[in-house]
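**Student:** Take this structure first; my questions come after.
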Amino acid sequence: MIIPAFAIGRTQEILYELNPFAEAGKLSGVKCFVDSPMAISASEIYRRHPECFDEETLGLISRGDSPLEFPGMEYALSRDKSKAINELKEPHIVISASGMCTGERVLHHLMQNIERKESTILCVGYQAEGTLGRRMLDGVTSSHAPEGTGLPTSSI
């Protein structure tokens, strides 16, 4: 599953929502990658400022649960690690910027997975007119891929 997500806020919300499933073993064997240097940095800022969390989140932390980390979650800090994710054959989740599929690392994940029947692309945020994310949501089947992305035009 490829989840294009905004690096600040949306990525952390997704991790927070996935956390209980992972903690309950419902994602057993499914790795989850955060593949955005900015999202990784933003997550670290969230961790350093628990005073900004609501009571529910503070309760999780007081019980020893880190709501933005869970078993099977990894950060892809380097480009090589990011590219290596696409070599995986087992089920996995990739949360990657940009949220509207306009650039950054998500483009190479889309390029590698958009035509695979077993892959899901899950857009969880607003997709502005004219973006690749919007074209995918609108079901456009033939278009010009963003220049330099290498995305197959038959799939967008």
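The values are calculated or read from the model by the stated rules, or taken from the named source; none is laboratory data. Fair warning: this is a prediction, and the values are worked out from it, not measured in the lab. Neighbour counts are summed over all protein chains in view; Cβ atoms, including those assigned to glycine, are modelled from backbone coordinates with ideal geometry.
**Student:** Please determine, by comparing only the residues of segment 48-65 that are free of Cβ contacts under 8 Å to residues at least 40 places away in the same chain and outside any helix (DSSP H, G or I), which one is surrounded by the most Cβ atoms within 10 Å (Cβ to Cβ).
**Tutor:** 53
**Student:** Moving on. Take the conditions farther than 17 Å from residue 11 by Cβ, modelled with pLDDT of 90 or more, surrounded by fewer than 17 Cβ atoms within 10 Å (Cβ to Cβ) and more than 14 Å from the chain's Cα centre (by Cα) and apply them to residue 78. Does it pass?
**Tutor:** In short, yes.
**Student:** Which count do you get for residues in segment 81-96 that are surrounded by fewer than 14 Cβ atoms within 10 Å (Cβ to Cβ) and either more than 15 Å from the chain's Cα centre (by Cα) or of a type in the set (Gly, Ala, Ser) (or both)?
**Tutor:** 5
**Student:** Could you look through segment 7-47, keep only residues that are among the aromatic types (Phe, Trp, Tyr) and in contact with a helix residue (DSSP H, G or I) (Cβ under 8 Å, 6 or more places away or on another chain), and pick out the one that is farthest from residue 64 (Cα to Cα)?
**Tutor:** Step by step, filter segment 7-47, then rank; the result is 33.
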